[in-house]
Amino acid sequence: MKVVKDKVVFGHMHEDFSLELSLVNRLPTKRSLVIASGGDLTLALAGAKMEVIAVDSNAAQIDLVRLKMTCPPDLQELCFCGKVDRLLKNGGWFLRWLLDWPRLKPDRCRVFLTDTLEKILPHLVAIVHGNQAAERLSRKSIRLIRHRLELAMKQPEAATNPLLQVLLGNRFGSDAPAVWIEEGIEKWRNETARISLHVADFAQFLRDSETDSLGLISVSNLPDVMNEDAWDRLVVDAARALMPGGYFIVRSMLLEELKSANYGSFHTEANPVCDTSPLCPVVWIGQRI
């Protein structure tokens, strides 16, 4: 099987999935629904003995995950085959320069930085998440993205944070994400039968899921491309599909918090683990009541 690289958006998942792994033993059922993306979360959960339903509307992402499940010799290279990965590899140096520049001339450079990001980011977001997400990229979202990046770069462990390093064009840095090192691979290598892959719209797939059939739902960036009504409907569908005690994990690049009129079926929790995701951290954790 070959991956059509010009159709793969994410070679790997650019988020820290340690939260999902920390919840595995607390779930009412070991059945999860996730976005396939580059397969990192899918394979990590399978390695933790979870049954994983991985859904993606992009067939190329599903093909990539299916290929990775065979653990080919070029597995590490496949982690950088997506459009986003190539973009970060080529443009990371410029991002580092933009974030360092305000320290030289604070007033003028901050204005330049914000103006530059305001012009560049909509194009980058459109490449990654489509035009709908780009249209929702407000000046507030731009400031949020800049703040998250600056904060991540100032952390003591920044030089060894693989998610930050890949964002800055340094591949995985000195430490590859756990799922791609040999110890991590050994955990999921013989567990791929636990994975079910589907090319489908995530919201529709969730809507069609059986009631009380899931212990975990994890999504990244869906709120960034949904209007309020669509997000409210997704929350309702998640509450119906989750068993009591199950978790709904949401990450977002453009939003700092999520609101919905339909959170009544959930108990909102704080994140109990450190999230090292530079741009797309967990913004909401809901436990089904």
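The values are calculated or read from the model by the stated rules, or taken from the named source; none is laboratory data. Owing to the predicted nature of the structure, the values given are computational and were not obtained by experimental measurement. Glycine gets a Cβ as well: all are built from the backbone with ideal geometry, and neighbour counts include every protein chain shown. Side chains included, ligands, DNA and RNA excluded: accessible areas come from the protein's heavy atoms. Shrake-Rupley method; radii C 1.70, N 1.55, O 1.52, S 1.80 Å.
Within segment 240-253, how many residues are open to solvent by 10 Å² or more (accessible area, probe 1.4 Å) and either free of Cβ contacts under 8 Å to residues at least 24 places away in the same chain or within 22 Å of residue 16 (Cα to Cα) (or both)?
1
Would you check which residues across segment 71-98 are without any contact (Cβ under 8 Å) to a residue 60 or more places away in the chain and assigned to a loop (DSSP other than H, G, I, E, B) and list them?
If the condition is that a residue be without any contact (Cβ under 8 Å) to a residue 60 or more places away in the chain and assigned to a loop (DSSP other than H, G, I, E, B), then 72, 73, 74 are the ones that fit.
Specify which of the listed residues (207, 148, 194) is in contact (Cβ under 8 Å) with a residue 60 or more places away in the chain and open to solvent by 60 Å² or more (accessible area, probe 1.4 Å).
194
Go through segment 173-190 and count every residue that is part of a loop (DSSP other than H, G, I, E, B) and surrounded by fewer than 19 Cβ atoms within 10 Å (Cβ to Cβ).
The initial filter retains those residues of segment 173-190 that are part of a loop (DSSP other than H, G, I, E, B), namely 173-177, 181, 189-190.
In the following step, the residues that additionally are surrounded by fewer than 19 Cβ atoms within 10 Å (Cβ to Cβ) were identified as 173-176, 181, 189-190.
Counting residues in segment 173-190 that are part of a loop (DSSP other than H, G, I, E, B) and surrounded by fewer than 19 Cβ atoms within 10 Å (Cβ to Cβ) gives 7.
Determine whether residue 283 is in a strand (DSSP E or B), under 16 Å from the mean Cα position of the chain (by Cα) and more than 20 Å from residue 36 (Cβ to Cβ).
Spelling it out, residue 283 is indeed in a strand (DSSP E or B), under 16 Å from the mean Cα position of the chain (by Cα) and more than 20 Å from residue 36 (Cβ to Cβ).
Search segment 45-61 for residues that are assigned to a strand (DSSP E or B) and pair each with any residue that is of a type in the set (Lys, Arg) when their beta-carbon atoms are under 7 Å apart and the residues are at least 6 apart or on different chains.
51/30; 51/31; 51/194; 52/194
For segment 30-44, enumerate the residues that are over 22 Å from residue 235 (Cβ atoms), within 14 Å of the chain's Cα centre (by Cα) and either hydroxyl-bearing (Ser, Thr, Tyr) or open to solvent by 20 Å² or more (accessible area, probe 1.4 Å) (or both).
Selection gives 42 alone.
Name every residue in segment 93-108 that is at pLDDT 65 or above and open to solvent by less than 60 Å² (accessible area, probe 1.4 Å), in order of residue number.
95, 98, 99
For segment 256-282, which positions are open to solvent by less than 50 Å² (accessible area, probe 1.4 Å) and in contact with a strand residue (DSSP E or B) (Cβ under 8 Å, 6 or more places away or on another chain)?
Listed by number, the residues that qualify are 258, 263, 265, 266, 269, 275, 277, 280, 281, 282.
Quick one: which of 224, 237, 201, 212 is in contact with a His (Cβ under 8 Å, 6 or more places away or on another chain) and either surrounded by fewer than 18 Cβ atoms within 10 Å (Cβ to Cβ) or of a type outside the set (A, V, I, L, M, F, W, C) (or both)?
On the way: 237 fails: in contact with a His (Cβ under 8 Å, 6 or more places away or on another chain); 201 fails: in contact with a His (Cβ under 8 Å, 6 or more places away or on another chain); 212 fails: in contact with a His (Cβ under 8 Å, 6 or more places away or on another chain).
On inspection, the qualifying residue turns out to be 224.
Can you work out which of the residues in segment 158-172 that are open to solvent by 60 Å² or more (accessible area, probe 1.4 Å) and closer than 17 Å to residue 93 by Cβ is farthest from the chain's Cα centre (by Cα)?
So the residue we want is 159.
Residue 112: under 19 Å from residue 177 (Cα atoms), open to solvent by 40 Å² or more (accessible area, probe 1.4 Å), of a type in the set (Phe, Trp, Tyr) and modelled with pLDDT under 95, yes or no?
Here the answer is no, as residue 112 does not meet what is asked.
Quick one: in segment 45-92, of everything that is of a type in the set (A, V, I, L, M) and in contact with a Ser or Thr (Cβ under 8 Å, 6 or more places away or on another chain), which residue is most open to solvent (accessible area, probe 1.4 Å)?
Going through the qualifying residues, I end up with 69.
How many residues are modelled with pLDDT of 95 or more and within 16 Å of residue 162 (Cβ to Cβ) if we restrict to segment 61-83?
Residues flagged as modelled with pLDDT of 95 or more and within 16 Å of residue 162 (Cβ to Cβ) within segment 61-83 amount to 0.
Could you grab me the full set of residues in segment 121-145 that are out of contact with any Asp or Glu (no Cβ under 9 Å at 6 or more places or on another chain), open to solvent by 40 Å² or more (accessible area, probe 1.4 Å) and either of a type outside the set (A, V, I, L, M, F, W, C) or not in a helix (DSSP H, G or I) (or both)?
Listed by number, the residues that qualify are 123, 131, 135, 138, 143.
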